[in-house]
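Presented below is the structure to which this report refers.
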Amino acid sequence: MTVAAPSHLTARERARRAARGGASRSVPAPLLAPALIAVGFLVLPLVGLLIRAPWGRIGAALSGADATQALILSLWTATASTAISLVVGVPLAWVLARTSFPGQRLLRALVTLPLVLPPVVGGVALLLAFGRTIPFTPLAVVIAETFVAMPFLIITGEGALRSADQGFEEAAATLGARRMTVFRRVTIPLVAPSLGAGAVLCWARALGEFGATITFAGSFPGQTETMPIAVYYALETDPDAAIALSLVLLVVSIIVLVSLRDHWLRGGSLS
């Protein structure tokens, strides 16, 4: 006997219930083998990292001066690049989502280009653009991380703004609220969960940035050597320390995924 979905449910909710019901069915055999291969390909390297981890030396490896400096540098530069991305990226996302002007498609393509551009190429471009004063300084680290990470926030923000119900904004404007007041008190709260998810992705991408950073900022311990760069050089001289540092970045990545899980399950837009 089949029970009909309540009539008051929206089409989206009925579709979600149907999808959940269908998820319990068995997997077709032709799909199972490729799916297992994909799982193995993605999971086995992480399992190997955990198996080979020198658990007895992790504390000593992470307490070293170079590792501590690299961790501190990575944390504050990733945070600074995320803050910059929020200040300038959210307005750009609004412009792309809510306005129309000649060359908009080209602008959107240029904004998202760092997502597909090889990071080393981005580092070379930054090196040529900012001359001889900024490169190889902590500021260069922040700039490189912002360059590669900001598109994640812009794409997330634009998608949220496009899908947001503009009725609340129109009501506020009808009641006499100025455009910036509507933006600050209506628009931003409406898309705040998506912006939060975009900011977390932006921060995680900045934390893991390597190519553009080492090209534009170099690798000077305590100045521009971030965690990914420290892992790269430690792998040549002290593999155990490299594994320990890698585990720190792995833990951060897991925390990011867990924090975004509810957003994804709610169907939040990340693109």
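Derivation of every value follows stated rules applied to the coordinates shown; laboratory data play no part. If you're wondering where the values come from, they're calculated on a predicted model, not measured in any experiment. With ideal geometry, Cβ positions are generated from the backbone for all residues, glycine too; neighbour counts draw on all protein chains shown.
Below, the figures for the structure above:
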quantity	calculated
Segment 147-181 and segment 85-107: distance between their alpha carbon centers, rounded to Å	11
Mean residue ellipticity (222 nm) of the chain, computed from DSSP H runs ≥ 4 via -39,500 (n - 2.57), nearest 500	-24500 deg cm²/dmol
Environment charge of residue 96, counting only residues whose C-beta is closer than 13 Å and scoring Lys/Arg +1, Asp/Glu -1	+3
Least to most buried among 245, 113, 195 (fewest other Cβ within 10 Å first)	113, 195, 245
Pairwise label distance in nanometres, residue 253 with residue 27, each label 7 Å out on the Cα-Cβ vector	2.1
Residue order, fewest to most beta carbons within 10 Å, for 95, 258	258, 95
